[in-house]
Structures are given as structure tokens and as C-alpha cells.
1. Once you keep just the Cα pairs under 8 angstrom separated by 6 or more residues, what percentage relative contact order results for the range 653-749?
2. Which angle from 0 to 90°, rounded to the nearest 10, does the C-alpha axis of helix 369-384 make with the longest principal axis of the chain?
3. I need the phi-derived Karplus couplings for the range 198-214: 6.51 cos²θ - 1.76 cosθ + 1.60, θ = phi - 60°, integer Hz, Gly and Pro marked x.
4. How many angstrom lie between the C-alpha centres of the range 279-349 and the range 467-498?
5. Relative contact order (percent) for the range 17-241, with alpha-carbon contacts under 8 angstrom and 6 or more residues of separation?
6. Over 30 Å between Cα atoms, which of Lys64/Lys624; Lys317/Lys597; Lys377/Lys432; Lys104/Lys476; Lys258/Lys547 qualify?
7. What FRET efficiency comes out for Asn559 versus Lys279 if R0 is 45 angstrom and r is the Cβ-Cβ distance? Round to the nearest 0.05.
8. For the range 404-494, how big is Rg over Rh, using alpha carbon atoms and the Kirkwood form of Rh?
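Bear in mind these aren't lab numbers, they're just calculated from the coordinates by the rules spelled out. Because the structure is predicted, anything quoted here is derived from the model rather than measured. A quick note on method: Cβ atoms are made from the backbone with ideal geometry, for glycine too, and the neighbour counts reach across all protein chains shown.
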Amino acid sequence: MKKKSMVFIMLTLMLQMVTGCESEQPIQQSAGDNDSNRVQAIANKQPVFSFDVNPETFELFIEKDGVKESASVPMSKRTVTNLHKDAKEISWSYPDDQMNISVKQEGDHLQINLTSTGADAFTWPHVSGNSYMLPLGEGKWIPAADKDWQAFLNEESLSFSESFSMRFFAINKNKYALLYIVDNMFNNTVDFKSDSALSFSFSHEFPSINPDKTYGFRLYVTDNDPVSVAGVYKRMIQEQGGLTTLMQKAAANQEVEKLYGAPHFYLWNKTFLTDADVKWGMLKNKLNDRFVNWLEQLLVQNGEDGAESMKQFREIKKQDYVAPFQKKAILSGFNYALRSRDFYNPAVFTGMDEQTTALLQKGINELTEVELYDLNKRLLKSVLQDAVPAVERWGDADSTELLKQMKMAGVEHAWIGLPDWTAAFMKPEFIKQANDAGYLIASYDSYHSIHKEENQDWNTAIFKDKSLYENATITKKNGEKKGGFLGQGRLLNPTLSLPSVKQRMDELLTGGVAFNSWFIDVDAAGEFHDDYSAAHQTTEKEDMQAKLERMNYIRDEKNMVIGSETGNDYASSSIAFAHGIETPVIKWADEDMRKNKTSPYYIGGYWSPAGEIPERYAKEVPIKPLYRHVYIDPAYSLPLFKLVYNNSVITSHHWEWDSLKIKGEVGTRMLSELLYNVPPLYHLDSKRWEENQQTIMNHLKVWSPFHQKAVQREMTGFTVLTKDRLVQRTSYGDDLQVIANFSTEDYNYENQVVKARSAMIIEGKATQTFVAPAE
């Protein structure tokens, strides 16, 4: 009996809290500290702390300045074997979980490693604090007791690599923060739970196809301050060689400098003919039966849209007017047919000019896309005659004329994106004009989904190599194929995509279409997949590496300024800009926003008649109060990403949520764009430009020169100046700062009044004020 008691006591002592070593004391910020000095101090020094751990429950304790805090909520008690400890490390095994654990003091942090010896998955840590600093997009401060955040995140399971723009999370305790930096960013989920307060747990899966059976963390102690948290992370990234500045990127491609001071515009000129191009009173007399019969044969391939177009071609011949809905249907029919290689019919088209004849002699199947569109436009012109202008002027209103108006209004710098490359092939002179104006001009592109059936309105999902659909798509663990975006088609394995990327880019950049930028969907969004296909097993890490490889190929071999969706930091050295970190896709699963067309919150569909801006991008809608609280309210925003990458990656909004999209929030977002040095993003055609030109230009006159300076500097400081968190200050370098007042009351800052709903830019002794528009 005595022997058993002694063994029990010894085992209990071994399982008691094990104390670790200490690290260095930080330099604290005083009221007069220079921001850049403060960031350097944070990057180079860390607080003194010690640690304890209970192996039975894996509860980890940190102690600093006599204050002890739990770094992880205790698990249920487990059987412990192989317990070893020395002055700096403790390790043990969970035989029932088939996991080995190690916690080791390494200089200024703890290194925590968790290794599977047979486990399929493991969950640790589960963390709880007063509030959290999380890099959800740009960054969020989330109070654990906030009822709206609890409602939004309760039972929410997030993919870590997608939802977290950087590889860390921070927990604010009473006197300091605990910063977890994640070593293995793949196969992780973060699960939130709300009882009396919000907490979350971190889980890692160990896929059978992945030989790496370890995940882990660096754990640091920092101040309860986003500048401290970001400074520690930035130092680690720099030490690992993972931070490439815009200056370095511009040294490889000087066109990168065109992003400085540049708002981002998506221009919607995806049509050959627009309403403004057609003399509608003359049109019906030009539509002879032979041509209309032939057009109907082509349009039948276009399903319901083609049927509606065919109906209206017949209807207008009976009328002395053309209604707006008829114009849209007719233009849709023309624009569909003009993209077809089957458009030419010698029995229909006669009386052709020399250029048309020359193109036909070359052979339709030998024509580039630019040449095909030129041929088809000339063929249609031969039928419509003076009911339409010369083909060189088709589509001017939403392309060349719009660029002229933007330049005349004072848009000196701009990134311009096209919804796909067909707009460039329809009007190559538009691309040349954008180049001549000093703008960056890009096409949207994607290698995410592949479709078996071709759809010219979804041309990014069409690939020349038809074997890819069966032989290069991703298989789930259960043997099923993963579906593509919106459930259409399948997901293309990126490790097998590069030959098709090269083929597509070679074809698209022939014929003198002078793109100087390229936007690649998804590749920087953190969406990674394990592929269990027997012929091409692929891990999430290999998926990521292949996406980076194809972006780098387009950047380096085609000399493009590269951007991508979201812009999570694993891609920061590959891309120069990103769309989605500042305003991400808002609540994808909300049916009122996505499906319920009678809801005031319905954001619109993807399709638009006759190439207009789809409602999804142009329709201005209010936002639900809960989502406003989470996504828009500046009180909960933190510039975590900017504090690390301000002079490395230029980040803006997701294209679903441009700067004008949210009713009642345009002014708030303008102030945020100044405070956080974020390019505004707009969807434009001639109509929307006319409606919003004054609002846009009033903002750009202040924002553009500010951004041109700020983007070439580090963000060196961020301070919340009021208790309600509605007055905030950021700084860039040593002498450029912004004070944004989101509140409805004036604020006094260093003997200067920052007006309600305004931003003050201070550079040295000079000041400039921007007042948000009334809404």
C-alpha cells in the first residue's frame, strides 16, 4: 500500500505545472515616442515571461510581472506517458490520442509542437480572453462579451488558411496579450463557441496523403496592442525572408509604380454594340428575313436568352417603336452571335469591303480572336449599314470615351480591370488607350473551375486540353470529384494546370493586345485542397505552391503586374495588389442577400442584359445591422495587415462590395480608405460614371496624392483616440499621419479640430481635411 501511494505521489508531482524560462523586457511606448522607433522596439524586444503546463489537461499558463494567465482552456484529463522535462523543455505523449507534445522555450517565445503517431486530427488550443485581435481580412478587434460578435461567430467553423490573412491569432488578457503564430497553415479549422463569452478552438487534420504529421505554434507575450502584435509577426516574416516591398517589386517591373495613387476600376464594356450605337428607328428596316433566319439558327444555342432575342427581332418589325427591354434583348442577341466562328454565311452576307474579304481569305479557323471579332463586326455592319456607326466606333461610350472622360476629370493614376479578355479583343484600341493614359489595364482570369460543356460567358472555365476534365480534377477523400464554383463543373488541380496557363497566356497576348496587368481569381485567397486522386495525389501545401508558381510565371514571363483575390500573406511576395482583404465577401450563406429577390438586402444576380454592369456589382443596397457591426463598423477594425504589409501589397475591397455598394456607408468607407491607405474600388460604365463622377472625384482629389506617398512607407502606428473607438489615428513613416473621425461630434487633436465625419491628413506641419459626403 505504501509503495502504491509513493508511486502515485511521484507521478502526480511529475504531472504538476512545469516552469519554463524567461525572455527579454520590452521597451514601453511613452506619449512622445516616435511611431517608427516604437515599431522597431517592439520588433526587437519581448517581455519577460515564464510558463507552466499541466500535461494531463494541456492547460498552458504564462506569467509576466507577477500576473499569471491561462493560454489555453484545459482539456479533459488524459493519460500521459513518456513525460520528460529539463530547464527549457517539457514533452509527453497521449497514448489514447496517438499524439506527442513538446513545449520548449526558444529565446523570446515558446515553441509548441504537436505530432501525430496515428491520430487523424487533434484540437488544441482552445483559447479564451477578454477580447481577440484576429487577422480576419485586414484585422478585427473582437470583444468576447459583444453580443453581436457572439451571434455572428457562434458555432462558426472557419478554414484558417482562407479566413485568416496572416498566420496568427492574439488573445487579450488583463495585462498583456498572448500571440500564437501558426507554423503549419494547412488543414486547420478555427471553431467558435459562445456561452457566456466568445471563445474558439484550433483543430488540425493529418491527411493520410500528407507525410507531415506535425503542427505547432510560436507563442509570444506582447502588449494588448495591435502594433505590438503586428510588429512581432513582421519581425518573424522578415527573418524568414518573406517580406518583399513594392520598391523591390518595382525594381523588377517598373509598371508596379502605376499602382501608387491609383483607384481601382472595373470597366464594363463587354459588348460589341451598345444602345447608344444603334439608330433604333432605322434598325427594323435593315433586318431582312434571310439574315434574321440565319441569326435565329445561331441564337438557339443560347437557351432562354437566345429565344427572347429571336422573339424581339420579329416583334419590332411590327412596331413603330422599340421598348427598352426589346433593345436589351436585341443587343444581347447581336453580342452573342458576334462571338461565334459560325457567324459568316456566304448566302447571307454580300457586298463586303476589302478588309472583310481579306480576313475571309485567311480562313476563319486561322483567325485570332481579335481578327474574328473584327470580321464579324464588319459582316454585321454590311447588313445594318447606316443604322450603326463605323465598326471602329462601336462600344466607344463605355470604353474609349469613358477613358477620355476619366482622364479629363483628373484621374491620373488607375488600375482598370475587365470582366474577361473578350472586351479587349472586341476593341483592342481601348487597351492601347489605357496604356497611353498611363493606366494599368488587366483582365480577370481564373484557373479554379473547369467545365465539361463550353460556355462563352464563362470562358475562364474553358481549356484547350479536353483531357483535363477527367484526368486533372480534384478528388475528395470519399472518391467523389469536387465541384467548381457555384457547383458548376469541377475543380482543376493546380499542379497540373501550368501547361494550360502557358497556352492560354500565349494565345491571349498575341495580336497586339497590350495588357500590362493581370488579375487571377482565388490563387491568393487561401483556398487549398488535398487531392486523393490515385494518379496525382496532392497536398494542400503542394496546391498552394502550384498556385504561386502560375502567378509567378505570368508575372515574370509575361511582365505583368499581378493581383489576386483576397491576398492572404502567403502570396505577398508574388502579387502587387489584392481585392478582398479590406471588404471580403459578406456572409455568403445569407439567403436574403443571395437568393431572396424580394429582400431589400438582395445584392443582385451575376447576369446582365447586353453587357451592362450586373446587379451584383452595381446595385446599391443597405446592409443588415449585424453585418454592419462585423464588417463595416470602424470600432472593430484593426489595420493588422497594413502594419505588416503596407509597403508590400496594395489591398482593396472584393469586387462584390465596391466603394459605392453599401447604402448609407459610402462616407464611412471613404474615411476608412484614407485611414488605412486603401484604394477605392468602383464598377463603371458611362451611365454609372455620369451618376457618381462628382462623388468619386471629390474623394480621389484627396486620396490619390496621399496614397502615392503613404504606400511607399511602412505603417508605423495605430492608435484609438476615443473611448467609443470612433476616432482613430494611423501613421506612415515618420511624418505622415491620418486622424479619422467617424463620429458625429468634432474632436480636438493637438489643438486642431477634426470635424465630425472627416479625416485630417497631417504631413509635417501641413494639414488637409476631407469631409465625408452626407448620406
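1. On the way: 102 pairs, mean separation 22.3, N = 97.
Answer for the range 653-749 is 23 percent.
2. 40 degrees
3. With coefficients 6.51, -1.76 and 1.60, one gets 7, 9, 8, 10, 10, 10, 10, 9, 10, x, 5, 8, 10, x, 7, 10, 10 Hz.
4. When both Cα centres are located, 37 Å separates them.
5. 18 percent
6. Values: Lys64/Lys624 42 Å; Lys317/Lys597 34 Å; Lys377/Lys432 20 Å; Lys104/Lys476 36 Å; Lys258/Lys547 25 Å.
In this structure, Lys64/Lys624; Lys317/Lys597; Lys104/Lys476 exceed 30 Å between Cα atoms.
7. Working: r = 43 Å, r/R0 = 0.95.
Using R0 = 45 Å, I get an efficiency of 0.60.
8. Ratio of gyration radius to Kirkwood radius for the range 404-494: 1.16.
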